[in-house]
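Here is the structure we will look at.
What follows is calculated from the coordinates using simple rules that are stated; it is not laboratory data. In this text, all values refer to a predicted model and were calculated from it rather than measured experimentally. So basically every Cβ, Gly included, is an ideal-geometry build from the backbone, and we count neighbours across all protein chains shown.
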Amino acid sequence: MDASALGIDLTADNAIVWRDGRLYLLDQRLLPQQADFLPLEEVRAVADAIRDMVVRGAPAIGISAAYGVALAARHRFRANPVDWKTAIAADLETLARSRPTAVNLFWAIERMGARIVALPEGDPEPALLAEARRIHEEDVEANHRMGDLGAALIEGATAVITHCNAGALATGGYGTALGVIRSAFRDGKIQRVYADETRPWLQGARLTAWELERDGIPVSLMVEGAAAARMRAGGVGWIIVGSDRIAANGDLANKIGTYGLAVAARYHGLKFMVAAPTSTIDMKVPSGELIPIEERAAEEIFHCGGRRVATEGVDAWNPVFDVTPAGLVDAIVTEKGVVLNPDRAKMEALMGG
Ligand code: MRU
């Protein structure tokens, strides 16, 4: 359904919309050519939308799942007002199986699950919808706070490199890495953003460039193979990325290619910043090698622009995230504060032991 047909004034900040008892997700696979919203009324459809990349980006996945739990509760309560809390466990599992790496998904499901346990008798939908809305609003607030904290670290004016899309589309609004870039641009500290195109889903080309261009922030698209050469050419001060899961020692998973950027940044003496809300920090995972890394279908890299580019019969390896060791990170920026040169003790201090 077209955004204007729905009366939605399209900005990247309203890619996740609850209206008239339905969840509307902006279909990010079609951007920037088309702005279509998918109306969802079933939890299974929400899980499919997450798996199939209609909605993507760690916080956005978590927020969508939270609304999915509210939809699940509606159906389970109607079917069995007495024992719906037992039945809904299967729906939480369906959501949890949609994608493995972004911990925000599991964090949101757990938070909704705790709310379910505490609910009194009666229709659960209003309370669960309110909780999902709170998760959504808190995410936007966290992004603005991170934006200010991250911008304060940048001595302007400089160019920066970002990877994938860690913008409003990947979150409840404003963005993590793009939130820092937005705030720093507002403060006169950003001259230009170099956005990696990010094969194979091209989140950089289709989503990051779209968001920045709409905000009037100068952006140059580049293939990710150009990043090291761009660093060497000069003028770049920071690499700024988001994350899908940060381990207890500060190692972090993010879109495949992030690790290479961090290695190249260190070689060239550039700073590497990760902006992520504390819902992305998984203190239960001690270090990066224990973060589950999603591998997606080989088909995704056999094709480009709807055309097969790989020879028939060839094999492929398609991990969609990699792990950057904490030792390559200069700053992790969260809504609770900044961790410089992260390690386990500093992460524990941030997360309150
Ligand atoms: O596969 P995607 O598009 O969901 O991957 C998204 C990323 O890797 C983002 O950088 C990450 O989720 C941070 S989003 C604020």
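Things to note:
- Relative to the longest principal axis of the Cα atoms of the chain, the long axis of helix 125-153 makes an angle of roughly 10 degrees.
- Cα centre as origin, Lys/Arg/Asp/Glu Cβ charges: the range 136-225 dipole, Debye: 260 debye
- With Cα atoms, 0 to 90° folded angle of helix 177-186 axis to the chain main axis: 60 degrees
- With all pairs of separate Cα atoms included, the chain yields a Kirkwood hydrodynamic radius of 20.5 Å.
- Sorted on the mean count of surrounding Cβ atoms within 10 Å across their residues, most packed first, peptides 282-292, 107-117 read 107-117, 282-292.
- Beta bridges assigned by DSSP with both partners in the chain are antiparallel in approximately 50 percent of cases.
- Relative to the dominant Cα principal axis of the chain, helix 84-96 is inclined by about 20°.
- Too-long pairs where the Cα-Cα distance tops 25 Å, listed order kept, from LYS284/LYS346; LYS189/LYS346; LYS271/LYS336: LYS189/LYS346
- Highest mean packing first, where packing is the average number of other Cβ atoms within 10 Å per residue, the peptides 31-40, 65-74 line up as 65-74, 31-40.
- Whether the range 167-301 is rounded, prolate or oblate, judged on the alpha carbon gyration tensor where a/c under 1.5 counts as rounded: rounded
- Separation of the range 265-293 from the range 177-202 is 18 Å, based on Cα centroids.
- Converting phi to 3J(HN,Hα) with the Karplus coefficients 6.51, -1.76 and 1.60 and the offset θ = phi - 60°, the range 46-55 yields 5, 4, 4, 5, 5, 4, 8, 6, 4, 10 Hz in sequence order, with x at every glycine or proline.
- Cβ crowding within 10 Å averaged over residues, with 332-342, 244-254, 200-210 ranked highest first: 244-254, 200-210, 332-342
- Scattering from the range 3-139 was approximated by placing one identical point on each alpha carbon and applying the Debye formula without solvent; log10 I(q)/I(0) at 0.11, 0.15, 0.18 1/Å stands at -0.36, -0.67, -0.95.
- Fraction of antiparallel bridges per DSSP, the range 148-350 only, in percent to nearest 5: 40 percent
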